[in-house]
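What follows is a single structure, written as structure tokens, with notes after it.
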Amino acid sequence: MKLSNKTKVLEQGEMTFAERIYLPAIVGGMGTTLKHFFSKKVTIRYPEEKRYLGPVFRGHHILKRDEEGAERCTACGLCAVACPAEAISMVADERKKGEEHLYREEKYASVYEVNMLRCIFCGLCEEACPKQAIYLQHDKMVPVFEDRSQVIYGKDKLVEKMDNRYLREGWK
Amino acid sequence: MEITSTLFTAKAIYVGAIFAVTLGVATYSTYFERIVAAFMQDRVGPDRAGPFGIFQPLADAVKMFMKEDFIPAQSDKWLFIAGPCLSMLTALMTSAVVPFGDTLDLGNGLMLDLQGIDVNIGILWVFGIVSLGVYGVLIGGWASNNKFALIGAIRAASQNISYELAMGLSIIAILMLSGSLSTKNIVEVQQNGHWNILYQPLGFVIFIVCAFAECNRTPFDLPECETELIGGYHTEYSSMKLGFYLFSEYINMFISGAVMATLYFGGYDYPGHDFIVGKFGNNIAVLLGVGAVIGKALVFVFIFMWVRWTIPRFRYDQLMGLGWTGLIPLAMFNVVLTGAVMLFTVNEGGSNWITVAGSWAGVAIMLVFMAFYSQAQYKKKKLATA
């Protein structure tokens, strides 16, 4: 039964002489492949050549500092609570006198660890953070680790370096 | 005695060099096959091993040697081993009669013929060895004790036999033109630009199609058709035995390219030969001629790869239909056409352009006739069904 008028009966006629001797079609096809032979290649040679993954890519974690170079994190623990993989742990400490240039507020994280084997790079820590302290960088991936002793990233690897500040697209 | 031994040494060096060139080209064909495939698919291909991946064949060879050399328990062990050896042997033997160059003057009146051996039935030697080549496949497929391997082997055998007929018939026209079976003579007749391709356009098309079939290359690679037969005749093979089969295929490609250069593209003839002789001497010109043969053969190897990555394979009945009902009648027509053109131009005193024009006109007339004929058949069929 015909359900719609969209169906088309395909009339497949006898092959013409040119089609039957194959050669014209083969030569045409060879022209196509030769065109591709000289066209630009789409391959990205990965380790040497990296593709831009966009401003929303969630890569390596970073603990931001403010403009004066003081850490923004106050060890409130919201990121650890938000983390579905329970990858974040921290130890809070009180800021001493004379450490104002190091930590922005009176409380700070003396230890801040992310277990990169547990982390699923969901970005919920970033969303949970009330102090804009933790971010997942859009242009840097966590390197491959060769041993379990390398998977826990402490503050030495996470805190932003002042000479190499992280800036996301759209930020000032 | 002194002279013969020097000549013997020179010949031995030549044979060793041809052997090395053949194997080297075959080795690098595996790499270029992948590069060509990749380029035609907008990729870059293997580029990890060394600069541009030029050590890839080495890595492949190491892989091949390191793999387990497996022989199935129910197989015929000796035939299983003999198969790939036979394939490799016959593939390498063909190059003996291909003239890779003219005569090289070694000084002291020593003349080295740059050809393995100039037998007066050279082209028959090529045919004989190529026909033997199918035994390697057949024995390997039979000894595997695997139905897919056997089917692949049977396909290879019947395909090779079918296409040898058309190939032989297309050669007959060449023999008529040159009047000799010796590959050396065939090349000498073609010197100074009188390449056979000018006189034999149809014969060349038939020959190259048959060469594809004889080498078991796409679009005629049905003996190793993965979609139907797993791996075809080399399903059960692993390690370097499989490597031998693949290798002999690439050697066959190179040699059939060299044979096509010999038969249709003037062998070691190249434009500007006399100029080179005048300026740099005969030996340089001869060595450039060797380069010309190898260059022409490599162009054919590229065409083999180009076709492989362009068109899909034929169905088996299409393959047989093309061979028996297409190419053999065409080859017979080509023989008649060549004879007719030779007969009509016999009084012209060797005016070559008339011969060339006659050959091409004959093919054009045949095509027009066939087109009209098929049109008429089509109309008749249409009337019958309407």
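What follows is calculated from the coordinates using simple rules that are stated; it is not laboratory data. None of the values given here were measured: they were computed from a predicted structure. Don't worry about glycine lacking a Cβ; one is built from the backbone with ideal geometry, like all the others, and counts go over all protein chains shown.
Points to keep in mind about this one:
- Base-10 log of normalised Debye intensity for the range B:1-127 (one unit scatterer per alpha-carbon) at q = 0.17, 0.18, 0.20 Å⁻¹: -1.04, -1.07, -1.13
- Choice from B:V44, B:V130, B:V368 showing the highest fluctuation, given a GNM over chain B with Cα pairs closer than 10 Å: B:V368
- Area projected by the alpha carbon convex hull of chain A, averaged over all directions, nm²: 21.2 nm²
- The range B:288-367: translational diffusion in µm²/s, Stokes-Einstein, Kirkwood Rh over Cα pairs, 20 °C, 1.002 mPa s: 134 µm²/s
- Partner aspartates and glutamates for A:K97 [C-alpha distance under 15 Å; skip if fewer than 8 residues away on the same chain]: A:E105, A:E106
- Descending principal axes extents, the range B:238-287, alpha-carbon based, whole Å: 54, 21, 10
- At the listed q of 0.14, 0.23, 0.26, 0.28 Å⁻¹, the Debye profile of the range B:206-254, built from one uniform point per Cα, gives log10 I(q)/I(0) equal to -0.36, -0.87, -1.01, -1.08.
- Once the C-beta distance of B:N352 and B:L383 is scaled by a Förster radius of 45 Å, the resulting FRET efficiency is 0.45 to the nearest 0.05.
- 23 Å Cα-Cα threshold exceeded, pairs from A:K96/A:K140; B:K77/B:K241; A:K107/A:K140; A:K50/A:K155; A:K64/A:K96; B:K63/B:K296: A:K96/A:K140; A:K107/A:K140; A:K50/A:K155; B:K63/B:K296
- By the combined test of axial Cα extent (at least 30 Å) and Kyte-Doolittle hydropathy (mean at least -0.5), the qualifying DSSP H helices of chain B come to B:2-40, B:122-143, B:147-178, B:239-264, B:282-308, B:352-385.
- Computed FRET value (nearest 0.05) for A:K97 with A:D163, which takes r as the C-beta separation and R₀ as 30 Å: 0.65
- On full extension, the segment bounded by A:F145 and A:R118 gains 8.4 nm, given 0.36 nm per residue less the C-alpha separation.
- Counting Cα-Cα pairs of chain B in 20 Å increments starting at 0 gives whole-percent bin shares of 25, 54, 20, 1, 0.
- Each Lys and Arg contributes +1 and each Asp and Glu -1, all at the Cβ; summed about the Cα centre of the range B:114-228, the dipole is approximately 100 debye.
- In Hz, Karplus ³J(HN,Hα) per residue of the range A:105-112 (6.51, -1.76, 1.60; θ = phi - 60°; x = Gly, Pro): 10, 5, 10, 8, 8, 6, 10, 9
- Here the range A:79-98 and the range A:1-65 have alpha carbon centers that stand 50 Å from each other.
- In the frame of its principal axes, the range A:1-75 has Cα extents of 81, 46, 16 Å, reported largest first.
- Cβ charges +1 (Lys, Arg) and -1 (Asp, Glu), total dipole of the range A:61-158, debye: 80 debye
- When the Cα positions of A:I152, A:T32, A:S110 are compared along the charge dipole of the range A:32-172, A:T32 comes out farthest toward the positive end, with charges on each C-beta of Lys, Arg, Asp and Glu.
- Reduced Cα scattering model of the range B:68-134, Debye log10 I(q)/I(0), q = 0.11 Å⁻¹: -0.45
- Here the Kirkwood formula puts the hydrodynamic radius of the protein assembly as shown at 29.4 Å, using every distinct Cα pair.
- Straight-line reach from B:K11: taking Cα to Cα under 20 Å and skipping same-chain neighbours fewer than 8 places apart, the lysines in range are B:K184.
- Whole-Å semi-axes of the ellipsoid equivalent to the range B:237-351 (Cα gyration tensor, √5λ, descending): 33, 28, 11
- The spacing between the range B:129-176 and the range B:296-358, judged by their C-alpha centroids, is 20 Å.
- A simple count of charges around B:N192, restricted to other residues whose Cβ falls under 12 Å of its Cβ and scoring Lys, Arg +1 and Asp, Glu -1, yields -3.
- The angle separating the long axis of helix A:23-37 from the principal Cα axis of greatest extent in chain A is about 20 degrees.
- Fewest-first sequence of A:C79, A:C129 by Cβ atoms within 10 Å of each Cβ: A:C129, A:C79
- Shape metrics for the range B:110-161, restricted to C-alpha atoms - Rg then Dmax, Å: 16.4, 56
- Unit charges at the beta carbon, dipole of the protein assembly as shown: most positive-side option, A:V9, B:T338, B:A297: A:V9
- Cβ-to-Cβ counts within 10 Å put B:K382, A:K6, B:K11 in ascending order as A:K6, B:K382, B:K11, the fewest first.
- Diffusion of the range A:61-158 by Stokes-Einstein, at 4 °C in a medium of 1.567 mPa s and with Rh set to the Kirkwood radius over alpha-carbon pairs, works out to 93 µm²/s.
- For the protein assembly as shown, size of Cβ-based charge dipole, Lys and Arg +1, Asp and Glu -1, in debye: 1680 debye
- With contributions of -39500 (n - 2.57) from each DSSP H run of at least four residues, the per-residue ellipticity at 222 nm computed over the protein assembly as shown stands at -17500 deg cm²/dmol.
- Measure of compaction for the range B:1-49 (Cα Rg per 2.2 N^0.38 Å): 1.93
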